[in-house]
Amino acid sequence: MTMKIKQQGWMALAMSAVAMPASAHSGAASAGMLSGLTHPLAGWDHLLAMVAVGLWGARQQGAARWALPLTFVGVMLLGAVLGLGRLALPGVETGIAVSVAVLGMVLLAGRQFKLPAAVALTALFAVFHGHAHGAELPAAVGIGGYLAGMALTTAGLHLAGIVAGERLRDGLALRLFGSALTVTGLAMAL
């Protein structure tokens with residue numbers, strides 16, 4: 001990917017993050033967008049997992065580096081719809097805690113996974129995170145704006161992880177972060 005394309009991508013993400021809703025879409029829709037933008041930042045479990053997916057994505061080669069974040073965002077939205085529909089998913093909080101611990105172990109191990117296995121594991125974790133986000137939808141907010149905001153913030157956290165991962169590669173800092181994630185996830189699961 002050329003430097004110009006990367007710069008354009010960063011600019012588009014930045015503009016999307018600061019864009020204000022049109023006045024014709026005020027009220028529940030804009031409240032939904034704001035709630036969705038901030039919700040993934042409100043819990044350490046989600047925040048850490050999102051960055052970890054980006055760090056793991058940075059370890060992939062070529063276009064595959066985007067497969068994990070894109071899978072996570074897409075499946076997370078499906079999980080959110082399940083949560084919005086109040087469809088039961090047993091062990092959501094445990095699944096989220098385990099996702100943090102396992103993502104930490106993956107980063108700590110520093111080994112490559114075959115892409116289908118990495119995508120499947122990412123999708124499994126995304127269902128739990130999405131379900132929790134959907135089930136926690138604040139009252140009187142627009143669902144579409146909430147989901148869009150949630151997806152945008154999640155993608156931004158993945159992107160932050162990818163950028164950090166490109167700089168850290170197999171360094172000690174990446175392994176230390178993986179260790180901290182593992183301990184944090186295990187503590188949350190207990």
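Please work out which residue is surrounded by the most Cβ atoms within 10 Å (Cβ to Cβ), limiting yourself to the range 161-175 and to residues that are of a type in the set (Gly, Ala, Ser) and within 20 Å of Gly62 (Cβ to Cβ).
Gly161
Surrounded by fewer than 20 Cβ atoms within 10 Å (Cβ to Cβ), in contact with a Phe, Trp or Tyr (Cβ under 8 Å, 6 or more places away or on another chain) and not small (Gly, Ala, Ser): is that true of Val119 in this structure?
Numbers: surrounded by fewer than 20 Cβ atoms within 10 Å (Cβ to Cβ): yes; in contact with a Phe, Trp or Tyr (Cβ under 8 Å, 6 or more places away or on another chain): no; not small (Gly, Ala, Ser): yes.
Criteria not met by Val119.
Being farther than 16 Å from Ala49 by Cβ, surrounded by 17 or more Cβ atoms within 10 Å (Cβ to Cβ) and either small (Gly, Ala, Ser) or at pLDDT 95 or above (or both) is the filter here; which residues of the range 63-81 pass it? Give the derivation first.
Our first condition is that a residue be farther than 16 Å from Ala49 by Cβ; within the range 63-81, this holds for 63-67, 78, 81.
Among the residues that remain, those that are also surrounded by 17 or more Cβ atoms within 10 Å (Cβ to Cβ) are: 65, 67.
Ala67, the sole residue that qualifies.
Among the candidates His133, His158, His129, which residue alone is crowded, with 20+ Cβ neighbours inside 10 Å, under 15 Å from Leu82 (Cβ atoms) and modelled with pLDDT of 95 or more?
Numbers: His133 fails: modelled with pLDDT of 95 or more; His158 fails: under 15 Å from Leu82 (Cβ atoms).
Within the list His133, His158, His129, the selection yields His129.
Would you check if there is a residue in the range 132-143 being hydrophobic (A, V, I, L, M, F, W, C), touching a Pro at 6+ places or on another chain (Cβ under 7 Å) and either within 15 Å of Leu68 (Cβ to Cβ) or part of a helix (DSSP H, G or I) (or both)?
No, the conditions are met nowhere in the range 132-143.
Select from the range 45-65 the residues that are within 12 Å of the chain's Cα centre (by Cα) and of a type outside the set (Val, Ile, Thr) and list them in ascending order.
Filtering the range 45-65 for residues within 12 Å of the chain's Cα centre (by Cα) gives 45-57.
Asp45, His46, Leu47, Leu48, Ala49, Met50, Ala52, Gly54, Leu55, Trp56, Gly57, listed by residue number.
Out of (1) within 17 Å of Tyr146 (Cα to Cα); (2) in a loop (DSSP other than H, G, I, E, B), the odd one out for Gln60 is which?
Status for Gln60: all satisfied but (1).
Just one of Ala109, Ala151, Ala155, Ala97 is farther than 22 Å from Phe177 by Cα and not β-branched (Val, Ile, Thr); which is it?
One residue alone meets the criteria, Ala151.
The values are calculated or read from the model by the stated rules, or taken from the named source; none is laboratory data. No experiment lies behind these values; they were computed from the predicted model shown. Positions of Cβ are generated from backbone atoms using ideal geometry, with glycine treated the same way; all protein chains shown enter the neighbour counts.
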